[in-house]
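Working notes for the structure below.
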Ligand SMILES: Nc1ncnc2c1ncn2[C@@H]1O[C@H](COP(=O)(O)OP(=O)(O)O)[C@@H](O)[C@H]1O
Ligand SMILES: [Mg+2]
């Protein structure tokens, strides 16, 4: 656990970068600091490993005051990942990853075998070990940056916009792998980003900062979307909040409609026989949906190019957002629901998903927010 | 003219003895390397320090600029009048010449060193500190190796200037290849002067090429882009 | 320093001569280095030859060049034109690389968009590439200026008079004052050249002063 206790930072030029920040980053969770550029995110993050010294307040790691720890010792126990990875250009990839173990005196052999293990862990082939950073793409360098921070297995990781210098597709991959890795490792992570989507995707807990490191709101992603505390946060969180919040709500067991289907190669007659309201779903050999087809409009056996592929597919029990989107995007208006293996289970209509959404209670305000807003709690209605 | 130069250079007698080419070549290299080593011992630590801390940068940048403007010949005479009475024997002549060459060699090495350290990617330095390297570790593991290419090219250009300028040691009656220039001028023996000039240029070129090889072997391929056999 | 007071006019005229011998070659050298540097920046094969070749010129000791040039040129040994030619050679030696690197550093996007807008080669060079390379070229010119001022003083050994004459004069009479005055005057002259180049550079690159938009 990392705890900010009324921490302030004023730079010598008078800039008040952080003002009385109080915050707790729970053990084993990802806490995201998010806010507009210049709001003090980096400053807050770097005060944790004392790259920046607070002018006021204390930062605790578990029950230790960081101000009383040896700087270098403190940092060796904290992984640190930054925007452009900051790899050492003169060292090979393994040597880069092995840096902290070597500093800790592990010995070359042990440090290198650990580095190779991590290289694989972050999804890079072992053949990259002897390359130099300049031979890697931005996304690959960033993976090495993460591996290097993990090398000495620190319980804490600080990450400052680690994925913002790579293109959107690579960023998404890196985010997914980061979540998978965190699922295995369970580090205490403080993650800085200016991208609210990234914050919502990655954070267990999100701290929205406004200017001068003022904590505007601290809550989990669903709560943030449902109850931005003020106009600033609402604005920053952005549009489509209602829709995006559905990402955090599990779908129930919908009453699925059975959907008849045809394989590729089915004749127009077979397709027409199976169709409902003019559309029929085409599956592969493992019963995975390939796309929809209108039998009336084909004159030859079903080929892959004929399929309408606009529809998304939702996994049963996944987020409501995906189920709703499957229905909205389906050319037949029937949203395709599949099992964990991706095999067809059935379809659901948008109004059925909406009915389910309307059944749900919206997340309630926190007690503190209730009090601040001057509202009284919703009363339990007796059954 | 060319034939007379070739004839002069081809004359075995000019190569041997206490005032022969070989002896002068050795003297020349002695002056140049001594000055270069002293200059490097002063300029590299100072440059690294300035690059690392940023302290005194303004002062040093301007001092280096001014030092480049000091005319070597004037400094040589000044140093001679100042040092010669305080010293005796050959040292009375060697010290002023050495001082001039050291003053000449410091600016390029110094600016190479601090520019090299300053040019280290901020993200790499940041990461090094963030990983818990202390000041000297950052210097040893990151700043020095990354600055090496610029430090070496600073030394290389200092080397060229020192080799060319070491010829003026001869105006104080010292040895080195400058002797052929001065003696040739005094006796209107132009083939000798020309040969001296050619020898200095060839020496400079040879040393420069040797240096290029050294540079190639000590600088990390990660910085030069010479990745060797690893395929992309 | 009564010596300086007594000889002020002489020193001034030597300084004028010195400025002429160091300054004119800067202009001539730049005019020669521009096309050579342009060629080197355009042509990957020529680049190493031009850079190495001109770099090699710089390794010729100035004293040797001063002595040798009268033999190769139609000037008498004491003719200051020898010094002008020698200094032009050194200036070219320093500037070709700078010009080539300065032109090479002009962003490709700028060149391509200039071409796309219909600039022809020479026009593009004059109105796009060259102006953008000015800061780099100017830095090289400053180095050449300072180095020229220092080197010219060696010409006193072959009897061409300028501030360096004060050195030989003082040395032969074992008298420090002229030497000190000569060294200080050289440094001041170099400073003057430096400031002049800086001013001209600022004048022709107004965009460098524009700074970044208010943060
Ligand atoms: N070393 C510094 N000296 C002075 N001001 C600084 C320094 N570092 C950051 N600042 C200022 O402090 C504020 C917060 O900066 P930072 O924490 O980097 O913001 P963020 O990471 O949220 O973009 C900004 O206004 C920035 O200009
Ligand atoms: Mg930041």
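General remarks:
- Within the stretch B:57-85, residues that are in contact (Cβ under 8 Å) with a residue 24 or more places away in the chain reach no partner that is in a helix (DSSP H, G or I) and surrounded by fewer than 15 Cβ atoms within 10 Å (Cβ to Cβ) with beta carbons closer than 6 Å at six or more positions or on different chains.
- Screening residue A:206 with (1) surrounded by 22 or more Cβ atoms within 10 Å (Cβ to Cβ); (2) away from ligand 2 (no atom under 16 Å from the Cβ); (3) assigned to a helix (DSSP H, G or I) gives one miss only, at (3).
- Conditions (1) within 30 Å of residue A:364 (Cβ to Cβ); (2) out of contact with any strand residue (DSSP E or B) (no Cβ under 9 Å at 6 or more places or on another chain); number of the one not met by residue A:247: (2)
- Looking across the stretch B:172-199, the residues that are in contact with a helix residue (DSSP H, G or I) (Cβ under 6 Å, 6 or more places away or on another chain) and under 22 Å from residue B:35 (Cα atoms) come down to B:172, B:174, B:175, B:176, B:177, B:178, B:179, B:180, B:181, B:182, B:196, B:197.
- Answer from A:41, A:29 - the residue that is within 12 Å of ligand 2 (Cβ to nearest atom) and under 24 Å from the mean Cα position of the chain (by Cα): A:41
- Any hit, the stretch A:251-262, residues being surrounded by 14 or more Cβ atoms within 10 Å (Cβ to Cβ) and assigned to a helix (DSSP H, G or I): no
- Meets criteria (assigned to a helix (DSSP H, G or I), crowded, with 24+ Cβ neighbours inside 10 Å and more than 10 Å from chain C (Cβ to nearest Cβ)) for residue B:142: yes
- Those residues of the stretch A:146-180 which are within 19 Å of residue A:89 (Cα to Cα), within 11 Å of chain B (Cβ to nearest Cβ) and away from ligand 2 (no atom under 16 Å from the Cβ), in sequence order: A:148, A:149, A:151
Residue by residue, here is whether (1) assigned to a loop (DSSP other than H, G, I, E, B); (2) more than 9 Å from ligand 1 (Cβ to nearest atom); (3) closer than 21 Å to residue A:224 by Cβ; (4) more than 14 Å from chain B (Cβ to nearest Cβ) holds:
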residue: A:4; (1), (2), (3), (4): no, yes, yes, yes
residue: A:7; (1), (2), (3), (4): no, yes, no, yes
residue: A:13; (1), (2), (3), (4): yes, no, no, yes
residue: A:20; (1), (2), (3), (4): no, yes, no, yes
residue: A:23; (1), (2), (3), (4): no, yes, yes, yes
residue: A:33; (1), (2), (3), (4): no, no, yes, yes
residue: A:39; (1), (2), (3), (4): yes, no, yes, yes
residue: A:57; (1), (2), (3), (4): no, yes, no, yes
residue: A:67; (1), (2), (3), (4): no, yes, no, yes
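- Within the stretch A:84-123, the set of residues being in a loop (DSSP other than H, G, I, E, B) and under 22 Å from residue A:160 (Cα atoms) comprises A:84, A:85, A:86, A:87, A:88, A:89, A:98, A:122, A:123.
- Pairs with Cβ under 9 Å, 6+ apart, first in the stretch A:4-19 and on the phi > 0 side of the Ramachandran plot, second part of a strand (DSSP E or B) and surrounded by fewer than 21 Cβ atoms within 10 Å (Cβ to Cβ): A:6/A:20; A:6/A:22; A:6/A:56; A:6/A:57; A:6/A:58
- Those residues of the stretch A:217-241 which are within 15 Å of residue A:37 (Cβ to Cβ) and in contact with a helix residue (DSSP H, G or I) (Cβ under 9 Å, 6 or more places away or on another chain), in sequence order: A:236
- Pick from the stretch A:10-26, criterion under 27 Å from the mean Cα position of the chain (by Cα) and surrounded by 14 or more Cβ atoms within 10 Å (Cβ to Cβ), ranking: nearest to residue A:157 (Cα to Cα): A:25
Every read-out reported here was derived from the displayed coordinates using simple, explicitly stated rules and does not represent laboratory data. The shown structure was predicted, so the numbers you read here are calculated from the model rather than taken from an experiment. Note that each Cβ is placed from the backbone with ideal geometry, even for glycine, and that neighbours are counted across all protein chains shown.
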